[in-house]
1. Are any residues in the stretch 276-308 closer than 22 Å to residue 329 by Cβ and of a type in the set (A, V, I, L, M, F, W, C), and if so, which ones?
2. May I ask you to say which residue of 191, 217 is in a helix (DSSP H, G or I), open to solvent by 20 Å² or more (accessible area, probe 1.4 Å) and either at pLDDT 95 or above or over 28 Å from residue 267 (Cβ atoms) (or both)?
3. Output the number of residues of the stretch 136-167 satisfying the condition of being buried (at least 19 other Cβ atoms within 10 Å of the Cβ), more than 10 Å from the chain's Cα centre (by Cα) and part of a loop (DSSP other than H, G, I, E, B).
4. When you go through 77, 63 one by one, which is the residue that is in contact with a helix residue (DSSP H, G or I) (Cβ under 6 Å, 6 or more places away or on another chain), among the β-branched types (Val, Ile, Thr) and farther than 18 Å from residue 331 by Cβ?
5. Condition check: among the hydrophobic types (A, V, I, L, M, F, W, C), touching a Cys at 6+ places or on another chain (Cβ under 7 Å) and either surrounded by fewer than 17 Cβ atoms within 10 Å (Cβ to Cβ) or in a loop (DSSP other than H, G, I, E, B) (or both). Does residue 292 satisfy that?
6. Given the options 267, 240, name the one that is open to solvent by less than 80 Å² (accessible area, probe 1.4 Å) and under 26 Å from residue 180 (Cβ atoms).
7. Looking at residue 180 and the list (1) at pLDDT below 95; (2) in contact with an Asp or Glu (Cβ under 7 Å, 6 or more places away or on another chain); (3) of a type outside the set (Ser, Thr, Tyr), which single condition is not satisfied?
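The values are calculated or read from the model by the stated rules, or taken from the named source; none is laboratory data. Predicted, not measured: the structure shown is a model, and the values here were computed from it. Cβ placement follows ideal geometry from the backbone for every residue including glycine, while neighbour counts extend to all protein chains displayed. Accessible surface areas use protein heavy atoms only, side chains included; no ligands, DNA or RNA. Shrake-Rupley method; radii C 1.70, N 1.55, O 1.52, S 1.80 Å.
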Amino acid sequence: MKTEINSRSTSTLERIALNIFSTAFTDKCSARLATRRSQSIMHTVFLVLCASGALAVPLYEETTPRDGERCGYESCTQAEAGLLNVHIVPHTHDDVGWLKTVDQYYYGSRNNIQKAGVQYILDSVVKELWEDPKRRFVYVETAFFWKWWVRQGGAVRSRIRELVRQGRLQFAGGAWSMNDEAASHYHSTIDQFTFGLSKLNETFGPCGRPRVGWQIDPFGHSREFASHLAAMGYDGLFLGRIDYQDKRVRLKEKSMEMVWRGDDDLGSASDIFTSVLYNTYSPPPGFCFDVLCDDEPIIDDQSSPMFNVDQKVSWNCVSDHQVVITAGGDL
């Protein structure tokens, strides 16, 4: 009887021990399997993050000017003393939603409302810049540029970075959009500048940094916004729309340029050089050569009865020998 009890007890203990061992073994295997799965997942996540980082933050050498390359002010043609220096600024003003939605503007849809397709503008600009090193272009609205950028392949991106490094493609403004200055709260203004400028910085480094504000289409301008730009490190601000009476006086007195103090309390720290463009942001009258325009071409053949250079060259609204002419317009 005693033996039987011991035998049963031993058998029971063995079964308990076996169960404990099996459970422990199973738990250990499960733990190892879970660890391996976790490591695999972590490895995958790490690779994805690395790939994302590689796309978002280019290598240092991709954004740093190489020997012979200059960006920013150093890439500008030097002005000549004693001569009238005409600075032609090829640009496009792409409303981030106006008569059409953002996607309609980008893809060129609903042209019965307005003929505009931003993707085709950027495609053609890059093509023309690449064909001639002397050509320059200024782009402003980061929202459209980013929408276009993320759809480009590696070869096109490499070309764009080279154009930016060489100062052939430059950015002005650089915010997500060209914000209104009257109804927009300063929080929203700062947020959308932060978002747009961060995209340019991550993609192009210092060469993608805009140096001037480009508020050519808002209807009215505020000192507070000028103060914000000065605080953000901008060197200048270009305006397109001011009161017609103010503009008439400035044209007459040749005072289209000024140093604007954005804040009396901040003093000179809020000063920013400000210039009012001659013809809002369009070319001067008679100089629109877009397919939608019908201005006469410049004919410099003196033997031709159509010679019109003397008619075309007439400028008298600035106080020095530096003239800015915009060559571009809406979309």
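1. 276, 277, 287, 288, 289, 291, 292, 293, 298, listed by residue number.
2. On the way: 217 fails: in a helix (DSSP H, G or I).
Checking each option against the conditions leaves just 191.
3. 2
4. On the way: 77 fails: in contact with a helix residue (DSSP H, G or I) (Cβ under 6 Å, 6 or more places away or on another chain).
Of the residues listed, the single one that is in contact with a helix residue (DSSP H, G or I) (Cβ under 6 Å, 6 or more places away or on another chain), among the β-branched types (Val, Ile, Thr) and farther than 18 Å from residue 331 by Cβ is 63.
5. Numbers: among the hydrophobic types (A, V, I, L, M, F, W, C): yes; touching a Cys at 6+ places or on another chain (Cβ under 7 Å): no; either surrounded by fewer than 17 Cβ atoms within 10 Å (Cβ to Cβ) or in a loop (DSSP other than H, G, I, E, B) (or both): yes.
Criteria not met by residue 292.
6. Numbers: 267 fails: under 26 Å from residue 180 (Cβ atoms).
Of the residues listed, the single one that is open to solvent by less than 80 Å² (accessible area, probe 1.4 Å) and under 26 Å from residue 180 (Cβ atoms) is 240.
7. Evaluating residue 180 over (1) at pLDDT below 95; (2) in contact with an Asp or Glu (Cβ under 7 Å, 6 or more places away or on another chain); (3) of a type outside the set (Ser, Thr, Tyr) leaves (2) as the failure.
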